[in-house]
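See below for the structure under consideration.
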Amino acid sequence: MARSISMEAAGLTLAFLILTFLTISAASSTNQIQILNAERRIDLSSHIVKVFLTLKVENVMTAPASEIVLAFPPAQADHLALVKAQAAIGKKKKKSYVHLDVNPTELPDAPNGTKYFSISLLNPLSLGETATLEVLYILTHSLKPFPAEISQSESQLVYFRDSALILSPYHVKQQTTFLKTPSTKVESFTRVEPTKFAGRELKYGPYEDRPPYSFSPVTVHLENNSPFAVVEELLREVEISHWGNIQITEHYKLVHAGARHKGVFSRVEYQSRPSFSGTSSFKHLLASLPPRVHSVYYRDDIGNISSSHLRSDYRKSELEIEPRYPLFGGWKATFVIGYGLPLEDFLFESPDGKRYLNFSFGCPLAETVVDKLTIKVVLPEGSKDPSAAVPFPVEQRLETKYSYLDVVGRTVLVLEKKNVVPEHITPFQVYYTFKPIFMLAEPLMLASVFFLFFVACLAYLHNDLSIRK
Amino acid sequence: MHVLLCIVTGRYSSRLYIAYAPLVVLGTLLAALVPVVGFNAVMTSEHFASFLVFIIIHVVALVYHVKGNLSPRMFKVAVTLVVSVGLVVCCAMIAVLIALVASSPTKGWSGRSLSLLDPTYASKYIPIIASVSEHQPPTWPSYFMDINVLAFLVPAGIIACFLPLSDASSFVVLYIVTAVYFSGVMVRLMLVFAPAACIMSGIALSEAFNVLTRSIKFQLPGSSGISQSGDTSMNTEGEQNDIAKTEKMDETAKERPSKKNKRKEKEPVVKASIRSRIERRLLVLPLEASVIAIILLVLLGAFYVVHCVWAAAEAYSAPSIVLTTYSREGGLHVFDDFREAYAWLSHNTEVDDKVASWWDYGYQTTAMANRTVIVDNNTWNNTHIATVGTAMSSPEKAAWEIFNSLDVKYVLVVFGGLVGYPSDDINKFLWMVRIGGGVFPHIKEPDYLRDGQYRIDSQATPTMLNCLMYKLSYYRFVETDGKAFDRVRQTEIGKKYFKLTHFEEVFTTHHWMVRIYKLKPPKNRIRGKTKKSKSKASSTSSPKRSGTGKRNPWH
């Protein structure tokens, strides 16, 4: 009985809403698509929030639809690090995924400053056709610690603010949101019926027939003790030397971005009861480096830091570093990691005669957010026409650096990006042209200097320079 | 001093003037350029002796110059005239000078140099000079450690210097005698003694090699052997003695007695030759003996080099900021606590925060932690250091007041009790008491000693158990092993359970070697009796009690 009434109500609202939207914007394409089923899984187990969105969309109008638009509230859009989309092809057993392009876009009548991303479909949808899309987007700095200051023996509680209803410019027929919490302890959560909380999962939904831009803010107050490692600034310098070595120097400014530590730090409690004291602090960081890495050093302003371990095998190397002291909320540490890599693993020749460096973008530290990442690729002297091919938008500029035996200076290609997460660790390429004859410049310079010096000595010794006989 | 000696013994020459006069002028000018010394180079009494000699040498040079120009009779007249006038002027000047010098309490000498003349001066009046470990007199083993084999060669060299006593050798003898005296007062001055010892032993070794190589040269088959015939008498005498000596040498394989005896044998021979001046009789030793002697001398030199390299590597190269030990399995364990504390300070405190610690760590804190310190290794302000020492020796509330008046935010204490690091602040604490007590008389050293002994266990005095240094070092130390056993002092501590009322612990390093505390801000309201001014009945609302009284250890 209740169900039939709600079905009727749903049908009525559906009709009403369709009419209202038809009247509001006749030319807008937002009513071209209808989302049949939306399932959102929000993973809150680390301080980087990963959201997996599965959309089943249908084209309800005759014109073919070639893109799907995703909407984000402006507060979330500022913290958005990455949006990726894939299309599922094939049936259950033979499902495969094809990557789709996602680009930020603008819609003319965005209510309340909503930001949009548009996904380009492989094949435009015709009337009545459906498609299933998998979208992944990553939010950083979205867990706000509350209480903002904790003592050593308290565990860290954070707020997560989002909407129970998926914000979308389209009409959503059915939607569910699942939140995965790192522990079973959730202080409070807003109830938007139907809501269910069991174990580590908080379920909002299913909600039927919601109009576009429907938004229902919820706040979840949960416990999250994962290490909130944020690198405020990371400067990576990749120096290419054609004599066979790539030297990488990375300067880190690390901070613990969770609830600030107030009061006493008691070493005895930290050492004797590690599970109870300092639960939200972290001591170790893991850096994944390419295999065949050599001459690794780890130091800071004061000197060498001796607490690190390097384990390498033929596929990857792992550098486990410990800052000088464990990091509690609000504590900072700065350090420099440097290492060398063999040139033949990274420098290749492209079909059109240019050389290119194939290197991985991003920060090698696991599970860290980088607020500002700068990669400087220092090309050898005599390189021309540098250009970079990066799979996501970065700021590029050129600089010059003077190093050993440089006459004209080395070209430096600077790439900058804000809000970098581990999913950004993808290869990128830097192309440049280089005439092999320039390799002779340095040895010739050194040889000629010594030659001239010896000639001068010979001339001085063999000539009689005395003033008087 | 050497110049005076030369003038007195009638060995004045223009060489002496050229060597000494520019030295004094240049040396004083250069010393005045050093910012710390400044005008002290001409104003303090320590330098007056060299100026006096400067004046004397000018007078003597003038006298000789005049003597060369005038005839003897005129010279006598001039001398009497000058002497009478000059004497009057000199007396006047000296009177003025003595009055000036005598008016200052230390007669114009600074504390550091006075402690050289009177080694007990520092411990009586200026404890901070006495507290520096390099200002203590050296022990006999430290002489051997520093100059090793030279300890035997220096006396031989002194005697070698006397044999033809010239200007140069008398200078060296005077140098070494004064250097020995001063290095006996302060270990630090071993640096001054070392070059003198090297010169002396160089002289000794060169004389020894002279004799030995000459012996070999003259006795090699086919060489001319000029003095062979003339020396036969000497030879036999030398041979008899040296056969006995070589036996001794083979037995003990020691150079010293044989060399000394050789020396003694050589002396009468050489003196005879100098006196006679007819035949130069040079000592020639048997061939085998000289060959063995040369080999043994070279071996001695080799051992000396090995020892020096070892001493430089082990004893003088320890940086003492990173300590390493080897674990039982042979792995290296690094104690990097100092740098950990400084890195924490530099990253997690505000830029203007001031850190109070003992002066040993001042330069390190300034350089590595980049924070302002109250006292550092320069130790130029004794009263300031005494203030910090007094604060460390006072109970918590008084210490908090002192530190608050200095605008201190953090207090740094070095504690070695958990790992057994012996140079920590509790071991240096008595010096803090002495230095503080030198300026603030309410800190008395006997208050901290039980029967003249410095203890921190249950027999320690209440003043010791309540002072800030004790509390900051041992705060919650009992929770590490349940018994609070201090590995450096090898005893359990006296007061195990106590709370801090005016300080809070903000950081302790991994091995507990550096502990950093923050001053708590003063309370807004003071409840309770405010009329009482006795510090014992504390008027603050803190529930603090001293160690005795309540049963519950946490109150």
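Every number here is computed from the coordinates shown, using simple stated rules; none is lab data. Computed from a predicted structure; not experimentally measured. Note that we place each Cβ from the backbone using ideal geometry, even for glycine, and neighbour counts take in every protein chain shown.
Over the whole of A:305-313, what's the average partner chain Cβ count within 10 Å per residue? Rounded to a whole number, please.
Mean shielding count: 2.
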With both bridge residues required to lie in the range A:23-223, what share of the DSSP beta bridges run antiparallel, to the nearest 5%? 90
List the equivalent ellipsoid semi-axes of the range A:388-456 in whole Å, largest first, each obtained as the square root of 5λ for an eigenvalue λ of the Cα gyration tensor. 39, 13, 10
In sequence order, calculated HN-Hα J values of the range A:299-309 (Karplus, 6.51, -1.76, 1.60; Hz; x Gly/Pro): 8, 9, 4, 7, x, 6, 9, 8, 9, 7, 9
Pairwise centroid distance, computed over Cα atoms, of the range A:391-463 with the range B:489-532, Å: 57
Sorted by average packing, counted as other Cβ atoms within 10 angstrom per residue and highest first, what order do B:82-91, A:191-200, B:359-368 take? B:359-368, A:191-200, B:82-91
Regarding the range A:133-217, what whole-number volume in Å³ per residue does the convex hull of its Cα atoms give? 120
For the pairs A:LYS93/A:LYS180; B:LYS428/B:LYS495; A:LYS283/B:LYS495; A:LYS84/A:LYS401; B:LYS499/B:LYS520, note any where the Cα-Cα span goes beyond 25 Å. A:LYS93/A:LYS180; A:LYS283/B:LYS495; A:LYS84/A:LYS401
Provide Rg and Dmax in Å for the range A:229-441, with only Cα atoms included in the calculation. 19.4, 64
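For each of B:LEU81, A:LEU373, count neighbouring Cβ atoms within 10 Å of the residue's Cβ, then give the residues from fewest to most.
If I rank by nearby Cβ atoms, fewest first, I get B:LEU81, A:LEU373.
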Please list 3J(HN,Hα) in residue order for the range A:248-260, calculated via the Karplus relation 6.51 cos²θ - 1.76 cosθ + 1.60 where θ = phi - 60°; whole Hz, with x for glycine and proline. 10, 10, 10, 10, 10, 10, 9, 9, 8, 9, x, 5, 5
Charge tally in the Cβ shell below 9 Å around A:CYS363, where Lys, Arg are +1 and Asp, Glu are -1, A:CYS363 excluded: 0
I want the local charge near B:VAL375. Using Cβ-Cβ distances under 12 Å, sum +1 for each Lys or Arg and -1 for each Asp or Glu among the other residues. -1
Given R₀ = 41 Å, what would the calculated FRET efficiency be for A:ALA88 paired with A:LEU343, taking r from the Cβ atoms and rounding to 0.05? 0.50
quick note, chain A, DSSP beta bridge pairs, % antiparallel (nearest 5) is 85
Mind scanning A:LYS316/A:LYS384; A:LYS115/A:LYS372; A:LYS253/A:LYS376 and naming the pairs with a C-alpha gap bigger than 24 Å? A:LYS316/A:LYS384
Averaging sequence separations of C-alpha pairs under 8 Å and six or more residues apart, then dividing by the length of chain A, give the relative contact order as a whole percent. 13
Counting Lys and Arg as +1 and Asp and Glu as -1, what is the net charge of the other residues whose Cβ lies under 14 Å from the Cβ of A:LYS173? -2
Compute the acute angle (0 to 90°) between the alpha-carbon long axis of helix A:2-24 and the principal axis of greatest extent of the alpha-carbon atoms of chain A; round to the nearest 10°. 60
Size of the range A:175-282 as Cα extents on the principal axes (Å, biggest first): 64, 47, 22
Compute the convex hull volume of the Cα atoms of the range B:283-434, divide it by the residue count, and report the result per residue in Å³ as a whole number. 208
Taking the dipole about the Cα centre of the range A:229-441, with the C-beta of Lys and Arg at +1 and of Asp and Glu at -1, give me whichever of A:LEU327, A:ALA441, A:VAL231 is farthest to the positive side. A:LEU327
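Can you pull the percent of Cα pairs in chain A with separation above 30 Å?
Percent of Cα pairs beyond 30 Å in chain A: 59.
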Write down Rg/Rh for the range A:52-205, rounded to two decimals, with Rg from the C-alpha atoms and Rh from the Kirkwood relation over Cα pairs. 1.02
Nearest-ten-degree value, helix A:441-462 long axis tilted from longest Cα axis of chain A: 20
